[in-house]
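Presented below is the structure to which this report refers.
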């Protein structure tokens with residue numbers, strides 16, 4: 001069952017989605033999810049970061065980076081200030097969903113400020129600008145360079161400012177000028193650091209935090225964000241509206257996304273072909289994932305001598321997975337071809353090894369071969385497989401990848417298809 005971590009702190013992992021993907025399944029799943037709900041990403045936690053991003057685009061408008069540190073862009077320094085302010089002044093139980101909160105807390109504890117070295121290694125991906133950029137661009141709040149856009153950017157800032165009692169908030173507003181001076185001062189230093197800004201007192205940090213802390217926004221800002229999200233027509237977000245509507249009728253029940261998609265299929269038949277493709281692809285993914293997990297688990301029980309892979313032919317759970325693989329491949333291929341030819345081509349290219357029915361022992365060997373190919377393709381240098389080869393049919397599972405025998409989950413998706421972030425948005429905007 002899918003659960004929603006409303007009360008847990010969030011700090012993104014140190015690698016991009018799909019890196020811990022031993023079977024190479026993530027890419028096609030992500031492309032299908034993007035077709036279902038464009039511009040929404042699974043890492044999105046709190047909708048109010050759209051406001052922080054948009055106000056920041058106005059605050060940093062026309063600021064230039066430091067010539068000695070050209071890659072530290074003004075928007076990133078603004079992000080440092082917002083995240084630092086929230087971590088400094090808001091209780092950690094209240095700030096789940098804040099990208100970078102853990103590394104920021106550590107940096108403030110160690111040396112009292114944020115800089116490029118102490119913040120996220122890849123902020124353009126994992127900072128709140130990186131996470132929410134696509135959605136902010138799609139909604140017309142900023143452009144592709146994260147520059148402030150009218151009229152939607154102006155409308156959101158206006159509603160936010162009215163809720164905060166700031167009146168007309170523009171580039172000449174005293175608070176905008178104050179925040180702009182802080183960012184500008186930091187940009188002039190080498191290295192760029194938040195502590196080089198004017199010596200703020202606790203009330204200055206709290207003022208900034210209160211303006212953007214994720215759970216403390218008010219009626220006008222909420223209504224504005226909801227209206228933008230639920231736009232119809234060419235600017236709409238695919239299936240977001242029917243997903244939103246269905247989520248609103250669940251009354252807090254836990255969500256199995258496969259079952260949720262069955263209900264969505266009945267509610268929004270125009271997405272039926274895509275939902276059928278997702279279901280078929282996920283059945284193929286679940287079968288492959290469960291088979292590989294059994295292989296890892298059985299290999300984890302062996303030590304120096306390694307694991308004889310074809311012995312899985314005698315495993316009562318593994319054999320049915322091997323027997324089903326070809327049929328699930330054919331069904332996924334047919335459903336994906338109904339979505340678009342490119343999805344079909346990618347599926348064939350990546351998973352052709354499983355296109356023919358084979359005995360369980362050969363299927364087990366094919367899993368190992370496929371995993372090695374996937375790992376080699378993950379970067380220019382490639383990634384090590386999760387096991388070492390001790391011969392054509394024998395492997396040694398590396399210690400970091402050893403697992404106990406899993407409970408199989410045939411009715412659960414391997415991947416997620418944006419139901420989680422949309423539900424979090426729904427909860428925040430109620």
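Only one entry in 155, 203 is free of Cβ contacts under 8 Å to residues at least 24 places away in the same chain and either assigned to a helix (DSSP H, G or I) or not assigned by TED's automatic domain parsing to the domain that holds residue 74 (or both), namely 203.
Just one of the listed residues (341, 359) is loosely packed, with under 14 Cβ neighbours inside 10 Å and over 19 Å from residue 281 (Cβ atoms), and it is 359. Taken together, the criteria place residue 208 among residues that are farther than 30 Å from residue 367 by Cα and assigned by TED's automatic domain parsing to the domain that holds residue 176.
Evaluated against (1) touching a residue at least 60 places away in the same chain (Cβ under 8 Å); (2) surrounded by 15 or more Cβ atoms within 10 Å (Cβ to Cβ); (3) farther than 15 Å from residue 371 by Cβ; (4) touching a helix residue (DSSP H, G or I) at 6+ places or on another chain (Cβ under 9 Å), residue 302 falls short on exactly one condition, (4).
Looking only at residues in the range 384-408 that are out of contact with any strand residue (DSSP E or B) (no Cβ under 9 Å at 6 or more places or on another chain) and surrounded by 15 or more Cβ atoms within 10 Å (Cβ to Cβ), the one that is farthest from residue 281 (Cα to Cα) is 402.
Condition check ((1) at pLDDT below 95; (2) within 30 Å of residue 268 (Cβ to Cβ)) across all residues:
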residue	(1), (2)
151	no, yes
166	no, no
169	no, no
173	no, no
190	yes, no
202	yes, no
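Among the residues of the range 210-220, those that are more than 24 Å from the chain's Cα centre (by Cα) and buried (at least 16 other Cβ atoms within 10 Å of the Cβ) comprise 211, 220. Scanning the range 228-240 for residues that are touching a helix residue (DSSP H, G or I) at 6+ places or on another chain (Cβ under 9 Å), in a helix (DSSP H, G or I) and surrounded by fewer than 17 Cβ atoms within 10 Å (Cβ to Cβ) turns up just one, 235.
For the range 44-71, give me each residue that is surrounded by fewer than 18 Cβ atoms within 10 Å (Cβ to Cβ) and either at positive phi or under 19 Å from the mean Cα position of the chain (by Cα) (or both).
Of all residues in the range 44-71, those surrounded by fewer than 18 Cβ atoms within 10 Å (Cβ to Cβ) come to 61-65, 67-71.
Scanning the range 44-71 gives a single hit, 62.
Among residues of the range 58-84 that are outside the structural domain of residue 176 (by TED's automatic domain parsing), none has a Cβ under 9 angstrom from a residue that is modelled with pLDDT of 95 or more at a sequence gap of 6+ or on a separate chain.
The values are calculated or read from the model by the stated rules, or taken from the named source; none is laboratory data. Since we're looking at a predicted model, the values are computed, not measured. So basically every Cβ, Gly included, is an ideal-geometry build from the backbone, and we count neighbours across all protein chains shown.
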